Amino acid sequence: HIGYSYFSNEGNSYSSNVLVDDSEILSMLSRYVPREMLESLADNLQRVLTEIIGDAYTGYFGVDMMIYEECGAYKIDVCTEVNLRMTMGVLAWIWNKRFMASGVKGILSVTYGSDGIDCNQIVEAGKLVSGTQYLVPPGQQFSITVNTI
């Protein structure tokens, strides 16, 4: 277990990840379910998936989960999907650790269509402080960007 991600969908398609540290993601999620439950779930999933997958796969993978409301109570769908590959959640977690300045929050998003270039980017010591970072060249059929908030 390397960390947590907090993502959004538009319809059935991935749209974005919040770029904040794990403790803030756990705080956001613990508004709905107890933090201890989330931490225990991560430990148990790691154990169970190690038993199931064993040595058949090496590398990053993601387990998509969902918090939902049922009969007035919030619950966790603990395994909506398992992706045995690099996921946008893993990418967002790594990007946040490696390329966001300390204390800076952001959004990693995928949008379809091309948008203009943000020329107000500030990078210090290889870390994004403010502005927009393009992860694919502008002008493509889609954009993957990191925007500070």
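The values are calculated or read from the model by the stated rules, or taken from the named source; none is laboratory data. Computed from a prediction, not measured in an experiment: that's the story for all the values here. Neighbour counts are summed over all protein chains in view; Cβ atoms, including those assigned to glycine, are modelled from backbone coordinates with ideal geometry. Ligands, DNA and RNA are stripped out before the accessible areas are found, and what is left, the full protein with its side chains, is counted by its heavy atoms. Shrake-Rupley method; radii C 1.70, N 1.55, O 1.52, S 1.80 Å.
The Stokes-Einstein estimate for segment 76-149, based on a Kirkwood radius over Cα pairs and taken at 25 °C with 0.890 mPa s viscosity, is a diffusion coefficient of 181 µm²/s. Listed by chain and number, the lysines whose C-alpha is less than 18 Å from the C-alpha of residue 97, apart from same-chain residues fewer than 8 away, are 105, 127.
Summed over qualifying helices (DSSP H, 4 residues or more, each -39500 (n - 2.57)) and divided by its residue number, the chain shows a 222 nm mean residue ellipticity of -8500 deg cm²/dmol. Can you tell me the relative contact order of the chain? Whole percent, Cα pairs under 8 Å, sequence separation 6 or more. Taking the mean separation of contacting Cα pairs over the length of the chain, I get 22 percent.
Once both labels are positioned 7 Å from their Cα atoms along Cα-to-Cβ, the gap between residue 36 and residue 74 label points is 1.7 nm. Only protein atoms count toward the accessible area here, which uses a 1.4 Å probe; on the chain, the carbon and sulfur part of that area reaches 52 percent. Descending by average beta-carbon neighbour count within 10 Å, the peptides 102-110, 36-44 line up as 102-110, 36-44, the highest first. Highest mean packing first, where packing is the average number of other Cβ atoms within 10 Å per residue, the peptides 9-15, 27-33 line up as 27-33, 9-15.
Using the Karplus relation 6.51 cos²θ - 1.76 cosθ + 1.60 with θ = phi - 60°, the per-residue 3J(HN,Hα) values for segment 7-22 come to 10, 10, 10, 10, x, 9, 10, 4, 10, 6, 10, 7, 9, 9, 6, 4 Hz, with x marking Gly and Pro. Among 18-26, 48-56, 88-96, sorting by the average number of other beta carbon atoms lying within 10 angstrom of each residue, highest first, gives 88-96, 18-26, 48-56. Sorted largest first by accessible area at a 1.4 angstrom probe radius, with every protein chain in place, the residues 119, 79 fall in the order 119, 79.
Amide H contacts under 5 Å for residue 19: 106, 107, 108, restricted to partners 5 or more places along the chain or on a different chain, H placed in the peptide plane at 1.01 Å from N. Taking each residue as 0.36 nm, the span from residue 13 to residue 129 lengthens on full extension beyond its C-alpha to C-alpha distance by 38.9 nm. Which value in Å does the Kirkwood hydrodynamic radius of segment 6-91 take, with 1/r averaged over all unlike C-alpha pairs and then inverted? One over the average 1/r among Cα pairs gives 14.3 Å for segment 6-91. For the Cα trace of the chain, dividing Rg by the Kirkwood Rh returns an Rg/Rh value of 0.99. The residues of segment 27-149 have, on average, 64 Å² of accessible surface per residue, using a 1.4 Å probe with all protein chains present. Just to confirm my numbers, what's the Cα centroid distance between segment 133-149 and segment 79-100 in Å? So the separation of the two Cα centres works out to 17 Å.
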